[in-house]
Amino acid sequence: MSPLKITTRDAHTGPVLEITGDLDYATAPELRTALDSLTLAVGQLLVLDLAGLTFCDSTGITIMLAARNLATQRGADIALAAVPTNTLRILSIIGLDRVFTVHPDTTTAMTAGARAC
């Protein structure tokens with residue numbers, strides 16, 4: 001089991017959360033806490049950078065949906081960046097690849113987000 005690490009940084013398009021390690025039942029509350037403390041304004045883009053994600057269970061997927069709901073409630077958008085192949089496969093199987101905007105990396109997500117503004 002890899003411990004979860006969440007690094008938050010501000011970008012010109014909005015907050016970026018770099019998520020590394022295992023996102024599961026035991027660690028999802030840490031991401032929820034990070035999400036609840038975000039400053040996310042109308043028109044901004046919240047990027048979840050998953051390049052370092054090593055494992056994601058159904059609770060992890062649920063917290064990603066909670067992040068999407070939070071962004072929507074605040075009038076912002078959300079994008080997933082650098083989604084690992086195994087997680088992307090799960091998102092595709094359950095149809096969430098059509099709910100989330102997925103980008104190959106954070107830079108691409110922010111560039112697309114800047115064009116949308």
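A short reminder: the numbers here are calculations on the coordinates, not readings from a lab. Computed from a predicted structure; not experimentally measured. All Cβ positions, even for glycine, are placed from backbone atoms using ideal geometry, and neighbour counts span all protein chains on display.
Got a sec? How would Ser2, Ser37 order by Cβ neighbour count within 10 Å, fewest to most?
Going from least to most buried by this count: Ser37, Ser2.
How much FRET efficiency would the formula 1/(1 + (r/R0)^6) give for Val99 and Met1, where r is the Cβ-Cβ distance and R0 is 22 Å, rounded to 0.05? Provide the component values of the computation, followed by the final result.
Details: r = 28 Å, r/R0 = 1.26.
Taking R0 as 22 Å, the efficiency between Val99 and Met1 is 0.20.
What number, rounded to the nearest 500 deg cm²/dmol, is the helix-based mean residue ellipticity at 222 nm of the chain, given -39500 (n - 2.57) per DSSP H run of at least four residues and division by all its residues? Intermediate results must be reported in sequence, preceding the final value.
Working: 4 runs with 45 residues, N = 117.
Roughly -11500 deg cm²/dmol at 222 nm, from the helical runs in the chain.
If each residue of separation counts as 0.36 nm, what is the full-extension length gain between Ala51 and Ala11 once their alpha-carbon separation is subtracted?
Numbers: separation 40, 0.36 × 40 = 14.40 nm, distance 1.71 nm.
Fully extending the segment from Ala51 to Ala11 adds 12.7 nm.
Once both labels are modelled 7 Å past Cα along the beta-carbon direction, what's the Ser58-Ala112 spacing in nm?
Between Ser58 and Ala112, the label points sit 2.8 nm apart.
Which net charge results when you count Lys and Arg as +1 and Asp and Glu as -1 among the other residues whose beta-carbon is under 13 Å from that of Gln44?
Numbers: positive: Arg74; negative: Asp10, Asp77.
For residues surrounding Gln44, the net value is -1.
I'd like the distance separating the alpha-carbon centroids of region 1-67 and region 69-117, in whole Å.
Each part reduced to its Cα centre gives a spacing of 12 Å.
Tally the DSSP beta bridges in the chain and give the antiparallel ones as a percent, rounded to 5. Kindly include the intermediate steps, with their values, before the conclusion.
Numbers: 7 of 22 bridges.
Here the share of antiparallel DSSP bridges comes out near 30 percent.
From Cα pairs below 8 angstrom and at least 6 apart in sequence, can you work out the relative contact order of region 5-104, rounded to a whole percent?
Values: 168 pairs, mean separation 26.9, N = 100.
Computed value for region 5-104: 27 percent relative contact order.
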